[in-house]
């Protein structure tokens, strides 16, 4: 399993509607944890899935945070995306991150 270097992603809303959708009234951290690579952030640990095609442990590829109050994922959770770099299959899951 390879580890991709961590690359922080910063949202850049380009319309007024998108700008209004980003952020939380009561949480300054949620909505800022988007990234590629590194290790998944999790309040309870993350078990790396096995590829359904080749049974190898998958590589953590990305973490997509909740967007804001109107598009919240299960109380400020993030989506973790894993990829098999041999078979190019992916798995995603929603996980709780530390606040």
For a protection proxy built on the mean count of beta-carbon atoms within 10 angstrom, sort 2-9, 89-96, 78-85, 64-71 highest first, please. 78-85, 64-71, 89-96, 2-9
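Taking only C-alpha pairs under 8 Å that are 6+ residues apart, what is the relative contact order of the chain in percent?
28
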In Å, descending, principal axis extents of the Cα set of the stretch 1-41: 40, 23, 11
Pulled fully out, how much extra length does the chain show between residue 3 and residue 90, if you take 0.36 nm times their separation in residues and subtract their Cα-Cα distance? 29.8 nm
Measure out, as a whole number of angstrom, how far apart the alpha-carbon centroids of the stretch 18-45 and the stretch 56-90 sit. 12
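Which semi-axis lengths, in whole Å and largest first, follow from the square roots of five times the eigenvalues of the Cα gyration tensor of the stretch 7-95?
Details: eigenvalues 153, 37, 21 Å².
In descending order, the three semi-axes are 28, 14, 10 Å.
The numbers here are math on the coordinates, done by the rules we state, and not lab data. Bear in mind the structure is a predicted one, so any value in this text is a computation, not a measurement. Cβ: placed from backbone, ideal geometry, glycine included. Neighbour counts: every protein chain shown.
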